[in-house]
Amino acid sequence: MSSGFLIDMDGVIYRGTELIPGAREIVIRLLDEEIPFTFLTNNSQRSRRDVATKLNRMGIPIEEKHVFTCAMATARFLARQRPRGTAFVIGESGLINALHSNGYSIVDSHADYVVVGEGRTLSFEMVERAVQLILEGARLIATNLDPNCPTSTGTRPGCGAVVALLEKATGVKAFSVGKPSPIMMRAARKELGLEAAETIIIGDTMETDILGGVQMGYKTILVLSGTTSQEDLSKFAYRPDVIIDSIADLLNAPLAELSNTHCSTSSIPAVAT
Ligand SMILES: [Mg+2]
């Protein structure tokens, strides 16, 4: 059975502006061996082209087609649910462009949806408008529910924190499309043309990457180079299939056949648990 990869970025490929050792070599192997892969991000701020450029500048030689964002997942989902709809957006260009290119109009009144993503443009006026639109009947959509995001200068509030503010003010619960939602996890797999049994997700966060993979029946590989430590694992009711210190541990693994269970357990220097 062949394999393909959904790969989280922050904590797996880089930390802040630092590339994680081995990441570049793994991506070059995936490209050379023509193994399907996409980078999967819960950050809706950037378009796939912006993300590809950022990775190119870090020395990762990928193209736009190797990026799948929660903004894309959200816009495609809404376009299927309600074609040519309208949205009031709290978010940045990655989300707005994705909605536009999926036939959506961005409006300030009579919105079908209030869509919330990451961003630095939040004002109290926007929150007030969003609350009024939701109370008038607009559906509340979150690109993701991550409570916060690591940055090079510390932690900043994530999309989930802004969504919680709107939920509290309106009494309306948001519907989230990003990881671990099956909507994004399935859309990314289909984009690669893979079956569930062929799909492997590599991530550093139990609540998104690993939970999303477990729910979909994908093979899950947790790296300890990001937000999760070995001690954290006891808090969760689910476990990844494989735990490794970092993506560098996959350098000598047979990537093209890794979805085969026997292969993965015998060929990756997994952390003892
Ligand atoms: Mg991560």
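Bear in mind these aren't lab numbers, they're just calculated from the coordinates by the rules spelled out. As the structure is a computational prediction, the values presented were derived from the model and not from experiment. Cβ placement follows ideal geometry from the backbone for every residue including glycine, while neighbour counts extend to all protein chains displayed.
Descriptive notes on the structure:
- Overall, the stretch 138-273 carries a charge dipole of about 620 debye about its Cα centre when +1 sits on the Cβ of Lys and Arg and -1 on the Cβ of Asp and Glu, all other atoms neutral.
- Rough spin-label spacing in nm, given labels placed 7 Å along Cα→Cβ, for residue 238 and residue 156: 2.9
- Over all other residues within a Cβ to Cβ distance under 15 Å of residue 53, the charged ones net out to +3, with Lys and Arg as +1 and Asp and Glu as -1.
- Extension reserve of the residue 132-residue 31 stretch, reckoned as 0.36 nm per residue once the Cα distance is removed: 31.5 nm
- Rounded to 5, the percent of DSSP beta bridges in the chain classed as antiparallel: 15
- Cβ-based net charge around residue 196, under 11 Å, with every Lys or Arg adding one and every Asp or Glu removing one: +2
- The stretch 33-58 residues near the modelled residue 17 label - backbone nitrogen below 18 Å, point 7 Å along Cα→Cβ: 51-58
- Net charge of neighbours whose Cβ lies under 12 Å from the Cβ of residue 122, counting Lys and Arg as +1 and Asp and Glu as -1: -1
- Translational diffusion coefficient (Stokes-Einstein; Kirkwood radius from C-alpha pairs) of the chain at 37 °C, 0.692 mPa s, in µm²/s: 172
- Tilt relative to the chain, helix 182-192 - C-alpha long axis, 0 to 90 degrees, to 10: 60
- Calculated [θ] (222 nm, deg cm²/dmol) that DSSP helices of n ≥ 4 give over the chain, each run adding -39,500 (n - 2.57): -9500 deg cm²/dmol
- Listed residues 140, 52, 123: farthest to the positive end of the dipole of the stretch 42-193 (Cβ charges): 52
- Length gained on full extension, residue 195 to residue 164: 7.7 nm, using 0.36 nm per residue less the C-alpha separation.
- Charge-dipole axis of the chain as Lys and Arg at +1 and Asp and Glu at -1 on Cβ define it, positive-most pick from 30, 40, 224: 40
- Rg of the Cα atoms in the stretch 42-193, relative to 2.2 N^0.38 Å, amounts to 1.02.
- Unit charges on C-beta of K, R, D, E only; dipole of the chain, Debye: 720
- When each of the peptides 179-189, 200-210, 97-107 is scored by the mean number of other C-beta atoms lying within 10 Å of its residues, the order from highest to lowest reads 200-210, 179-189, 97-107.
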